[in-house]
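The values are calculated or read from the model by the stated rules, or taken from the named source; none is laboratory data. All figures in this text were calculated on a predicted structure; none of them were measured in a lab. Neighbour counts run over all protein chains shown; Cβ positions are idealised from the backbone, glycine included.
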Amino acid sequence: VPLASKVVSRRYSTVTFLSDYGLDDEFVGVVKAVLRDLAPHATVVDLTHGIRPFDIRGGSLALARAIPYVPEGIVLAVVDPGVGTDRRAVAIEVADGAGVLIGPDNGLLAPAVAVAGGAQRAVELTSAEHQLAAPGATFAGRDIFAPAAAHLCNGVELDALGDLIDPAVLTPGMIPLPREEADGIHAEVLWVDRFGNCQLNVSPDDLGGGDAPTDVWTVTLGDERRVARPARSYAELGTGVVGLVLDSQGMYSLALDQHSAAAELSLAPGDSVLLAPLADDADGHPSTPVRLQPRR
Amino acid sequence: VPLASKVVSRRYSTVTFLSDYGLDDEFVGVVKAVLRDLAPHATVVDLTHGIRPFDIRGGSLALARAIPYVPEGIVLAVVDPGVGTDRRAVAIEVADGAGVLIGPDNGLLAPAVAVAGGAQRAVELTSAEHQLAAPGATFAGRDIFAPAAAHLCNGVELDALGDLIDPAVLTPGMIPLPREEADGIHAEVLWVDRFGNCQLNVSPDDLGGGDAPTDVWTVTLGDERRVARPARSYAELGTGVVGLVLDSQGMYSLALDQHSAAAELSLAPGDSVLLAPLADDADGHPSTPVRLQPRR
Amino acid sequence: VPLASKVVSRRYSTVTFLSDYGLDDEFVGVVKAVLRDLAPHATVVDLTHGIRPFDIRGGSLALARAIPYVPEGIVLAVVDPGVGTDRRAVAIEVADGAGVLIGPDNGLLAPAVAVAGGAQRAVELTSAEHQLAAPGATFAGRDIFAPAAAHLCNGVELDALGDLIDPAVLTPGMIPLPREEADGIHAEVLWVDRFGNCQLNVSPDDLGGGDAPTDVWTVTLGDERRVARPARSYAELGTGVVGLVLDSQGMYSLALDQHSAAAELSLAPGDSVLLAPLADDADGHPSTPVRLQPRR
């Protein structure tokens, strides 16, 4: 049961790890080496290390999407352009201690903390004896965050890692909400995945409820206007038909069958999209298939 | 001993995992979080998640190459362009239960099942209580396949996961065979690896037996013709010499020493190649070294 | 405690693994499958598999940077352009047996062995019964190195894996030293990380001691000359200001705040850099900010 049970003095056995370190350098490996050295009983689950460098928003959204599936334990998240400055390093307890999120206090953790029910206790990671000494201050993942995660796994109390701080002072995260206006729903691309699917900040409730709207929608991207068909799978879309596919998060994503909607529609995270119901009915709407580029 | 021993009622402790999810999104991490949550005793071995998006053939070949080395347990494989449609989700038992392969029934699993000795039992994964409820149907890895793997690890019987189906109705895989004709052996590039080596669907038996042919061969690629020297290592090839190197699968691959044969010869998976013995003897053959491009 | 304790007959439980295999093929997965099959109790810590193909120097530096953090156990490292030739495959014992490094004897392991205190015993991996039989000789990671690691984890004695050899005959590694001349310190880029930081082979001692020099330096790259400010964090640099940031290894790296110094300054590993103190004082020095390219 993820992040749910109640125990007072506990040891953790899982560290779920997300970062923008990439996998081409040894950063991730060194963090895991430190965890293995200090808390050999703990298992590391890598969420992803492919967050774009410095992309706090992208990292925070990935973490928030994943958190409902993360097992009880520690969450270690590092996207940290302010490393080495006086930005706070924090550990945030959620779900009566079933989970502790560790990382920089720059908004990265906030959406996941909210999804997990909110912060109950928080500490600033200031206890030097629970950190690794280092010649330079550029690798807090290795020197501050991983040791904190390992010590919690070993049963060290949260408040031994530093001073308790008021969770209300933690940096909030930013998740953009869709805006309904006269011309339709002003939405935003939250995420472009490997397959080119473009997740919008729009759920079925935003489109009038039900979990598979039967209407056809127009999608305006800059100067361009497309028709998009609601769908429950990619493969049911015809070739070149833009779909509004209900994704695994329960959000709508702009998608094409076996092609990248992001590439075909030139969309990236943060881009604006306007959704409006198509005036004509579904059968009579003008057909504007995408002319597909060659597959990668 | 991989996939060999016989036990009747068993728990598994290893899940070997391959997909086209990539590592830049959190897909792989969420699948592993679900596995960790439901079957904390199981260890995940990632084969690769770098299969090109939607490339069922590429995924099936990677899985078939790896399967002789995969330990007893569950194999979870997801390359699934038909996710959310009525394509079957299946679990296939092999080797008297030493292994169970889980994934979409689209040909992805078939070559590996054949290498493992063939399907003995198969179920369609229809038991809703062994799946995760989800708002959208686009992430079967998380909602259907990972839970099935975890439940089998926990000792749930195969036929509790859904209805038994006749293994004969499973979608077959396609592994192209070389064709011997008057002008030589018509072969195909099965795989281009990171180093640019181009594995052909040609083994020593196809070239007349023995495990290191001493003849020199001509290789015709489209309009171009090259001389290729059989070799047992890359480094024994001279600079720019195309080798026909017996690879770790016992197949021949077109290769260069410390350079990418795929880049130099413009080869990709699926490309046709014609092999023919060189008329002249090995010492007198014309030398046609590749003019190498700058190293990456 | 990394690589320190003394035990005579021991089993190992961690295999730390680095290679140039990449993650797009199943090479890494198959090595880990073999480890799991032969030594199921062992945990694998992946340092990185993103070393550039054939880049022995890059691999050796990554391994040397990581080794102080690697837990007791086996280190498996494979960057092996000479695979299948008569280059030696070796296992090297360090730290009274707390660690054994396994890989090709081509200089890859040497810097890490030195950091770990030097080789105490070494064997050439020649025992066929401790290897996997294979049709071709191109995948020593799977057939020679992984089985050796697994057997050591299982308590097999080092000298059962092959003949002891004199550690003095092992191929040395090459770590370039900075050169102080009349015009300044002639340095070299050792490493460019994902964020574009360019680690130099220069430590505070080379710049006159202290751990954060307060002087301003000029950096000459080919024909170009820049001013660089010593800094302890990236974020304290202004936009476009080149920093000489003391990194997590205690080395100086050329860096920019949230931008790639490597891209802006066109630097790659192995490039030469000349550092000299700026004649003017810090406040009066000419300002030469980098005109930043668009962010990735």
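Miscellaneous remarks
- Count of residues meeting criterion [within 13 Å of chain B (Cβ to nearest Cβ), farther than 13 Å from C:I102 by Cβ and not aliphatic (A, V, I, L, M)] in region C:120-141: 4
- Residue in region C:50-66 that is within 15 Å of C:G22 (Cα to Cα) and either without any contact (Cβ under 8 Å) to a residue 24 or more places away in the chain or of a type in the set (D, E) (or both) present: yes
- Which listed residue, of A:G173, A:G155, A:G184, is in contact (Cβ under 8 Å) with a residue 40 or more places away in the chain and touching a Gly at 6+ places or on another chain (Cβ under 6 Å): A:G173
- Contacts under 7 angstrom Cβ, first residue in region B:123-152 being under 21 Å from B:P167 (Cα atoms), partner hydroxyl-bearing (S, T, Y), 6 or more apart: B:L152/B:Y12
- C:A276 being surrounded by fewer than 22 Cβ atoms within 10 Å (Cβ to Cβ), under 23 Å from the mean Cα position of the chain (by Cα) and among the hydrophobic types (A, V, I, L, M, F, W, C): no
- Qualifying positions in region B:229-246 - at the interface with chain C (Cβ under 7 Å from one of its Cβ atoms), within 17 Å of B:V273 (Cα to Cα) and either β-branched (V, I, T) or assigned to a loop (DSSP other than H, G, I, E, B) (or both): B:V245
- Of the residues contained in region B:200-208, one or more are found to be out of contact with any strand residue (DSSP E or B) (no Cβ under 8 Å at 6 or more places or on another chain) and closer than 29 Å to C:D80 by Cβ.
- Flag if C:L63 is in contact with a helix residue (DSSP H, G or I) (Cβ under 8 Å, 6 or more places away or on another chain) and either basic (K, R) or more than 26 Å from A:I144 (Cα to Cα) (or both): no
- Looking across region B:192-205, the residues that are surrounded by fewer than 21 Cβ atoms within 10 Å (Cβ to Cβ) and farther than 17 Å from B:R229 by Cβ come down to B:R194, B:S203, B:D205.
- Annotation note: of C:F17, C:F54, C:F27, the sole residue that is touching an Asp or Glu at 6+ places or on another chain (Cβ under 6 Å) and among the aromatic types (F, W, Y) is C:F17.
- Hits in region A:258-273 (condition: surrounded by 21 or more Cβ atoms within 10 Å (Cβ to Cβ) and outside any strand (DSSP E or B)): A:S260, A:A261, A:A262, A:L265, A:L267
- Residue match in region A:158-169 (condition: β-branched (V, I, T) and closer than 30 Å to A:L256 by Cα): no
- Condition check for C:L158: away from chain A (no Cβ under 13 Å), closer than 30 Å to C:P40 by Cβ, under 25 Å from the mean Cα position of the chain (by Cα) and not charged (D, E, K, R): yes
- Yes/no for A:G173 being over 30 Å from C:G250 (Cα atoms), at pLDDT below 95 and crowded, with 16+ Cβ neighbours inside 10 Å: yes
- For region A:16-72, a residue qualifies if it is of a type in the set (S, T, N, Q) and closer than 23 Å to A:H130 by Cβ, and the qualifying residues are A:T16, A:S19, A:T43.
- Residue within region B:150-158 that is surrounded by 16 or more Cβ atoms within 10 Å (Cβ to Cβ), under 30 Å from A:Q199 (Cβ atoms) and either of a type outside the set (F, W, Y) or modelled with pLDDT of 95 or more (or both) present: yes
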